[in-house]
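Report on the following structure.
The values are calculated or read from the model by the stated rules, or taken from the named source; none is laboratory data. Note that this is a predicted model, so its numbers are computed, not measured. Cβ: placed from backbone, ideal geometry, glycine included. Neighbour counts: every protein chain shown.
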């Protein structure tokens, strides 16, 4: 997979993701399932979900790869998108793997993620990570990504 474009900031992250979903041929009600770590990935998932809220997609959050614990992602007035009630059945047209899953010390293996992805044949695979996490963890060859959005948060400046 070659790098196609370099964007900047949060708008670059969100616009590239939304553009991909718009071009993916999805219909109203098609499901996008985000797999990520509770707490750390969840705010980014809600942000991605907010960016595509007008596409009429069914959005679901799956903690780690525990599909039995999947939750719907719904709009909340004056807040944005929030992980909410239990999701119904899972039938994702797009699987979004968050880079937190590939971080050291996370209680899920690459093989467990591969096993879950295999249960959804035909789903497109999108990776969203920061700081080349998929490359560092050896996931680039382990998954047939249709899109990878790799953002950099560097430097981080703190004023006191």
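Restricting to the stretch 103-115, and then to whatever is out of contact with any strand residue (DSSP E or B) (no Cβ under 7 Å at 6 or more places or on another chain) and under 25 Å from residue 24 (Cα atoms), can you tell me which residue is surrounded by the fewest Cβ atoms within 10 Å (Cβ to Cβ)?
115
Residues in the stretch 44-54 that are touching a helix residue (DSSP H, G or I) at 6+ places or on another chain (Cβ under 6 Å) and in a helix (DSSP H, G or I): how many?
Selection size over the stretch 44-54: 2.
How many of the residues in the stretch 13-43 are assigned to a helix (DSSP H, G or I), at pLDDT 95 or above, surrounded by 19 or more Cβ atoms within 10 Å (Cβ to Cβ) and more than 11 Å from the chain's Cα centre (by Cα)?
1
Is it true that residue 4 is more than 12 Å from the chain's Cα centre (by Cα) and modelled with pLDDT under 95?
Against the criterion (more than 12 Å from the chain's Cα centre (by Cα) and modelled with pLDDT under 95), residue 4 qualifies.
Considering only residues of the stretch 1-12 that are out of contact with any helix residue (DSSP H, G or I) (no Cβ under 8 Å at 6 or more places or on another chain) and touching a residue at least 12 places away in the same chain (Cβ under 8 Å), which is surrounded by the fewest Cβ atoms within 10 Å (Cβ to Cβ)?
1
So if I check each of 58, 85, which one is out of contact with any helix residue (DSSP H, G or I) (no Cβ under 8 Å at 6 or more places or on another chain), at pLDDT 95 or above and farther than 17 Å from residue 101 by Cβ? Let's see the steps before the verdict.
Numbers: 85 fails: at pLDDT 95 or above.
The unique qualifying residue is 58.
When you scan the stretch 152-160, do you find a residue that is surrounded by 11 or more Cβ atoms within 10 Å (Cβ to Cβ), within 20 Å of residue 37 (Cα to Cα) and either at pLDDT 95 or above or touching a strand residue (DSSP E or B) at 6+ places or on another chain (Cβ under 9 Å) (or both), even just one?
So far as the stretch 152-160 goes, no, none of its residues is surrounded by 11 or more Cβ atoms within 10 Å (Cβ to Cβ), within 20 Å of residue 37 (Cα to Cα) and either at pLDDT 95 or above or touching a strand residue (DSSP E or B) at 6+ places or on another chain (Cβ under 9 Å) (or both).
Which of the residues that make up the stretch 116-144 are part of a loop (DSSP other than H, G, I, E, B), crowded, with 17+ Cβ neighbours inside 10 Å and touching a helix residue (DSSP H, G or I) at 6+ places or on another chain (Cβ under 8 Å)? Show your work before the answer.
Narrowing the stretch 116-144 to residues part of a loop (DSSP other than H, G, I, E, B): 119-123, 131-132, 137-144.
Narrowing the set further to residues that are crowded, with 17+ Cβ neighbours inside 10 Å leaves 120, 123, 137, 139, 143.
Within the stretch 116-144, 123, 137, 139, 143 meet the criteria.
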